[in-house]
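One structure is given here, and the rest of the page talks about it.
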Amino acid sequence: MIGWRFVTGYPAFLLEGEERTLIISDLHLGLEEELRRNGVYVPPVTPMMLGELAKIGEGTRATKLVVLGDIKHSTAGVTPFEIREIHNFFGGVLRMFRDVLIVPGNHDGGIMRIGLGSVNVSSPQGIRINVDGFTVGLTHGHTRLPKYLVDVDLLLAGHHHLYVRGISRYVEKYPVWVRTLRARSPKEIIIVPAFNNLLGGATLMGNVERGPVLNLALEDPRSTEVYTLDGYHLGTLDILEAGLLVEMED
């Protein structure tokens, strides 16, 4: 079986092969600009995310970083603030990782016009890689899957910023990993939580708007497992939807 793990405590996924690859999703760089326009003032998020990546990179010894889209927050064009934050972010990660790859998301129009140095950018549909004989598909999750991403052992996507409510009296919502094992390809699907913790999202048991990948991932609630960032296995989706979730101990 392919070597992989959730990085405990972080919305980061590690592929363990000859080369260790760290995978994150949904940075939404420039989100602070929109919040400020609405009267909400927060500290810059980019330095915080770079600090977390430095700790994760050191702890996992990953040499490659893949970002599964939504690098920036705006959908129409690129603002000067976003350009600055994108340059700051990727300038930092290029000092931490030997290779950096972007798989563009639905917020990433115009990303190719920004000078990103040695950062590689894939097709918006995604990319397929081979890790020690296993095929892994990497996509943002907002587009219909091309055939080369359907016929894979493992498919990773972001896009939805999924969370659950009601598992602790102290925290309103918990970001979650969603993992599905399937009888047909893609044989395994994992939905990656958003790396930017300021983002809103969709509650997993609510009326979540489903993209093409999430539709596949939630096809059979009995086979869909849900995990918190700290590794707590909440159970399968059918149990959560039935309201059988027991509150976590704090």
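The values are calculated or read from the model by the stated rules, or taken from the named source; none is laboratory data. If you're wondering where the values come from, they're calculated on a predicted model, not measured in any experiment. Glycine gets a Cβ as well: all are built from the backbone with ideal geometry, and neighbour counts include every protein chain shown.
Results for (1) touching a Leu at 6+ places or on another chain (Cβ under 8 Å); (2) within 30 Å of PRO146 (Cβ to Cβ); (3) among the β-branched types (Val, Ile, Thr), shown as yes or no for each residue.
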{"site": "LEU50", "(1), (2), (3)": "no, no, no"}
{"site": "LYS55", "(1), (2), (3)": "no, no, no"}
{"site": "GLY59", "(1), (2), (3)": "no, no, no"}
{"site": "ALA62", "(1), (2), (3)": "yes, yes, no"}
{"site": "GLY69", "(1), (2), (3)": "no, yes, no"}
{"site": "ARG84", "(1), (2), (3)": "no, no, no"}
{"site": "VAL103", "(1), (2), (3)": "yes, yes, yes"}
{"site": "SER123", "(1), (2), (3)": "no, yes, no"}
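Of the residues making up the range 126-152, those that are assigned to a strand (DSSP E or B), surrounded by 15 or more Cβ atoms within 10 Å (Cβ to Cβ) and of a type outside the set (A, V, I, L, M, F, W, C) are ARG128, THR135, GLY137. No other residue among ARG95, ARG113 is of a type outside the set (Phe, Trp, Tyr), out of contact with any Leu (no Cβ under 9 Å at 6 or more places or on another chain) and at pLDDT 95 or above apart from ARG95.
Any residue that is closer than 17 Å to SER25 by Cβ and under 12 Å from the mean Cα position of the chain (by Cα) - is there at least one of those in the range 116-139? Among the residues of the range 116-139, at least one is closer than 17 Å to SER25 by Cβ and under 12 Å from the mean Cα position of the chain (by Cα), which makes the answer yes. When the range 39-85 is limited to residues that are assigned to a loop (DSSP other than H, G, I, E, B) and among the charged types (D, E, K, R), the one that is farthest from GLY105 (Cα to Cα) turns out to be ARG61. Taking the range 167-216 as the range and being under 16 Å from the mean Cα position of the chain (by Cα), at pLDDT 85 or above and more than 21 Å from TYR10 (Cβ to Cβ) as the test, the residues that pass are THR180, PRO212, VAL213, LEU214. Give me the pairs, please: first residue somewhere in the range 22-51 and under 18 Å from MET96 (Cα atoms), second residue anywhere and modelled with pLDDT of 95 or more and β-branched (Val, Ile, Thr), beta-carbon distance under 6 Å, and either six or more positions apart or on two chains. Pairs that qualify, where the first residue is under 18 Å from MET96 (Cα atoms) and the partner is modelled with pLDDT of 95 or more and β-branched (Val, Ile, Thr), are ILE23/VAL66; ILE24/VAL67; SER25/VAL192; LEU27/ILE71. Among the residues of the range 186-204, those identified as surrounded by fewer than 18 Cβ atoms within 10 Å (Cβ to Cβ) and part of a loop (DSSP other than H, G, I, E, B) are LYS187, ASN197, LEU198, GLY200, GLY201.
Take the residues of the range 225-250 that are closer than 23 Å to LEU155 by Cβ and under 17 Å from the mean Cα position of the chain (by Cα): which is modelled with the lowest pLDDT? Out of the qualifying residues, it is GLY231.
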